[in-house]
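Encoded as structure tokens, the structure appears first; notes follow it.
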Amino acid sequence: AYVPAAGVRRFLSGTPAIVGMLALQDMLALVAEVGMPAIRDKSVALTSYAVEVADELLDPLGVVLASPRDPQQRGGHVTLNHPLMREVTAALWERDVIPDYRDPHGLRIGLSPLSTSFAEVRHGLAAVAEVMARMGA
């Protein structure tokens, strides 16, 4: 007795469209080629670098690392806390730097090991520092 919703609403849940899933084939092949251990190694290297850069550029502005410092205790993201982070996140979006905001006061950066470079990590965190400095942090 299934009756799909009218229009695009019918695609909000259920089995994904096969054509849309075709894009996953190349990514799955890349993951299979590289292997999960190498992906995790790059993830640890990226997040560790993000912590180092945050210590260098953001600690002087009063930013506190909310994520564990031990890479074995964190996943592929880093969260940085400061009372201005909601406003900082909004300003960053205007600059095409796209972090997440997490209450209370958390700027969360997700670092995809297959597509994020170390240069992008530094560039993004430098943008955080620039925005914070303009806000008087």
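Residues in the stretch 11-22 that are open to solvent by less than 100 Å² (accessible area, probe 1.4 Å) and either in contact (Cβ under 8 Å) with a residue 12 or more places away in the chain or not small (Gly, Ala, Ser) (or both): Pro16, Met21, Leu22. Scanning the stretch 63-109 for residues that are at pLDDT 95 or above and of a type in the set (Asp, Glu) turns up Asp70, Glu87.
Answer with yes or no whether Gln25 is more than 28 Å from Leu125 (Cβ to Cβ) and open to solvent by 50 Å² or more (accessible area, probe 1.4 Å). So Gln25 passes the test. The residues of the stretch 117-137 that are in a loop (DSSP other than H, G, I, E, B) and modelled with pLDDT of 95 or more amount to a single one, Ser117.
Somewhere in the stretch 77-100, is a residue basic (Lys, Arg) and farther than 15 Å from Val51 by Cα? Yes, that holds for at least one residue. Checking each residue in the stretch 94-115 for being on the phi < 0 side of the Ramachandran plot, in a loop (DSSP other than H, G, I, E, B) and open to solvent by 60 Å² or more (accessible area, probe 1.4 Å) picks out Arg95, Ile98, Asp103, Pro104, Leu114, Ser115. One residue stands out among those in the stretch 37-93 that are among the polar types (S, T, N, Q) and within 15 Å of Ala129 (Cα to Cα): the one that is most open to solvent (accessible area, probe 1.4 Å), which is Asn81.
The values are calculated or read from the model by the stated rules, or taken from the named source; none is laboratory data. Because the structure is a prediction, the values reported are computed rather than measured. As a convention, Cβ positions derive from the backbone with ideal geometry for all residues, glycine included, and neighbour counts pool all protein chains shown. For the accessible areas, the whole protein counts, side chains as well, though only heavy atoms, and no ligand, DNA or RNA atoms are used. Shrake-Rupley method; radii C 1.70, N 1.55, O 1.52, S 1.80 Å.
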